[in-house]
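Participant: There's a structure below that I have some questions on.
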Amino acid sequence: MTSSSAKKLAVLLASVVLSVASVAPAFAQGGGGGAAGPNSDAAKPTAASKPAATTKAERKAARKEARAKKNAELKELEAHGYQPSRNDPNYPTDIQNAQKKAGIGAAASQ
């Protein structure tokens, strides 16, 4: 086999693979082999579209609640002597002492 015939064969094989790859998704989207008419399942809106907005709102509320809890905990630690802006070489002991005073770190360290 010569070099030019090998190149032609490689180009032919590549074009066949690309052709099949571009047509395969069209066959995968058919709903049971028939055409998607007005009464088919493909034309009906899914029920998942409404809960998605609800779950997004729930996630947003959960993030707000978690942020508020974190900020409240930080305020309490600051009230008990923790200074996050200070460059402290004894960082772990500084926050641990503030957690002990505030009673916060007991559940997290177990």
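No lab work stands behind these numbers, since they all come straight from the coordinates. Keep in mind the model is a prediction, meaning the values are calculated, not measured. No Cβ is skipped: glycine too gets one built from the backbone with ideal geometry, and neighbour counts run over all protein chains shown.
Participant: Need one number: nm distance between label points at residue 97 and residue 64, each 7 Å from Cα along Cα→Cβ, rounded to one decimal.
Facilitator: For the pair residue 97/residue 64, the computed spacing is 3.8 nm.
Participant: Work through the residues other than residue 59 whose Cβ is under 15 Å from its Cβ and net out their charges, Lys, Arg +1 and Asp, Glu -1.
Facilitator: Here the charged neighbours net out to +3.
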